[in-house]
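Notes follow the structure.
The values are calculated or read from the model by the stated rules, or taken from the named source; none is laboratory data. The structure presented is a predicted model; accordingly, all values stated were derived computationally and were not measured. Every residue, glycine among them, receives a Cβ derived from its backbone with ideal geometry; neighbour counts consider all protein chains shown.
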Amino acid sequence: MSLAPHSGSFGASQQSCSVTAPEESLIVSSSASSGESLQEPDSAIISQKADVMTPAEKLSLCERRAQSLADSEEYDPCIQELVRCLALSRLVYGNEHIAVAQAQSRLAKAYLQYKGWAHQAQEHASQAHEVLRSSQQEERVSCLNCFLTIHQTLGSATLLLGNLAEAESSFQKAEIVIGDIVALEAIGKEDRVDTEYEIFTNLARVYQRQGRPEKALSQCERALELLQEGTQLSRICCVYRNMAAIEQAQGHLDRATEHLLQAHSIALSQSPGGLEGAQIAHSLALVYSSTSEPHHNVDSATRFFEESISAYRSALGPQDTLTLSAQDDFSHFLLLTGQQERCAEIQRDSLAYKKSTFGELSAEVAEALQLIGGVEMTQGQMRHAHRTLKKCLNIQNMLYGPQHKKTKATHRTVDMLSQSPEVGERRKESRLETRPPFCAVVSSTSEVTSSISNS
């Protein structure tokens, strides 16, 4: 995983923290994966290295070590090395040199890409931008590459933070910069495609969140046109899925279906029965089942539900959350189309897996019991329904409390079922079965006589 200034995609989570890298604490450890803090250097390394290495040599060593750690996916120690690189760059070049901006932009990118820390990435990228603007920009290509990293990082960070206007502006600036780099013929075709693909897809996300679906679709079309130059089928598949999501959000289910069918065809050509194909089949099933007349698409929806569940089971196992989620969606569709018995059968089969995955007292187990109990009730199996829904009620009481609307609704159903003759008769039989024998309640005549005489 390269730390080059113009590449990389970014994480989704966000946290805020502050990092300082004072030059006074700069001691470089010789271990590439030590993960030690700057305040606790290896004393043995200090004694051996500190007197013989110049700051420039230490900087070179840290840069190599950071790249090595990134390649081996040791992200925390990699970030520590990048902090050292930043401090050493300031020590070697001063505070307003392009090398400092490059070091700070690499650190910002790493915080976002490896940790998902949007606030931290935004802070360092902004500082890198200020340094680069004030530095002497003699190496134009290096400056452009650094600006590209800064704008992409700022765009992704502000998108995560919900600042859509700033995210749009940053990605648009990144697009201008990559155009200048291409004009200078300073980038290879593969890197250009990677960078432009990232910019176009991120702009599509921005426009979609801004409620501008036409502009979002336009960016997706640009990404598709870009990808036609190569054979990156997985990315083409991803773009079609994004377009389907945009169309579905607008209620254009026919267009969404077309895009998903194209993505499905690509996914099956690459990896039949694979995870991506399972996800697309699941999406297709949901689209077919969400139309205003789902009965017209029963066969198509059923086929894609069954395909997705089978592929999920094969790729991830029957206990995986994606498998169980697809089964739940299929169960609700079966209820909607009057196939109650099959719905209950799927839920009974998945109940043990839900207990092992989510726990005995979980919302997922309660929902399964509720579906099973509802089907049993519609089939006239009042005794079974009463027993199943009582189990559901016990879990809901534990999870939500007795005053929650779900608990109250189930409680009303259980009370109604308890009034049915079948349940009432069974409860009477149960009391008779558990009643102690008469001789255990009333003492024998001799015992009574003895007790009276003793009194």
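A few comments on the model shown:
- There is at least one residue in the stretch 300-310 that is within 20 Å of the chain's Cα centre (by Cα) and either buried (at least 17 other Cβ atoms within 10 Å of the Cβ) or modelled with pLDDT under 95 (or both).
- Answer residue from the stretch 361-420, given it is small (G, A, S) and within 22 Å of Q339 (Cα to Cα) and is surrounded by the fewest Cβ atoms within 10 Å (Cβ to Cβ) among those: G380
- From the list N297, N242, the one residue that fits, being over 27 Å from S331 (Cβ atoms) and either of a type outside the set (V, I, T) or assigned to a helix (DSSP H, G or I) (or both), is N242.
- Checked across the stretch 225-233, the condition of being in contact with a Leu (Cβ under 7 Å, 6 or more places away or on another chain) and β-branched (V, I, T) holds for no residue.
- Single unsatisfied condition, E247 versus (1) farther than 30 Å from C143 by Cα; (2) under 20 Å from the mean Cα position of the chain (by Cα); (3) among the charged types (D, E, K, R): (2)
- None of E225, E258 is more than 25 Å from L160 (Cβ to Cβ) and modelled with pLDDT under 95 except E225.
- Residue check for L322: surrounded by 18 or more Cβ atoms within 10 Å (Cβ to Cβ), in contact with a Cys (Cβ under 6 Å, 6 or more places away or on another chain), in contact (Cβ under 8 Å) with a residue 24 or more places away in the chain and of a type outside the set (G, A, S): no
- Summed over the stretch 53-77, the residues that are of a type outside the set (K, R) and under 26 Å from G94 (Cβ atoms) give a count of 12.
- Qualifying residue in the stretch 175-187 (condition: in contact (Cβ under 8 Å) with a residue 12 or more places away in the chain, farther than 25 Å from A249 by Cβ, of a type in the set (D, E, K, R) and out of contact with any Pro (no Cβ under 6 Å at 6 or more places or on another chain)): yes
- Within the stretch 262-283, the set of residues being touching a Phe, Trp or Tyr at 6+ places or on another chain (Cβ under 9 Å) and outside the structural domain of S310 (by TED's automatic domain parsing) comprises Q262, A263, H264, I266.
- Flag if I309 is in a helix (DSSP H, G or I) and closer than 23 Å to I236 by Cβ: no
- All positions within the stretch 136-186 that are among the small types (G, A, S) and touching a His at 6+ places or on another chain (Cβ under 6 Å): S170, A174
- On inspection, Y288 passes the criterion of being within 26 Å of I309 (Cβ to Cβ), in contact with a Pro (Cβ under 8 Å, 6 or more places away or on another chain) and assigned to a helix (DSSP H, G or I).
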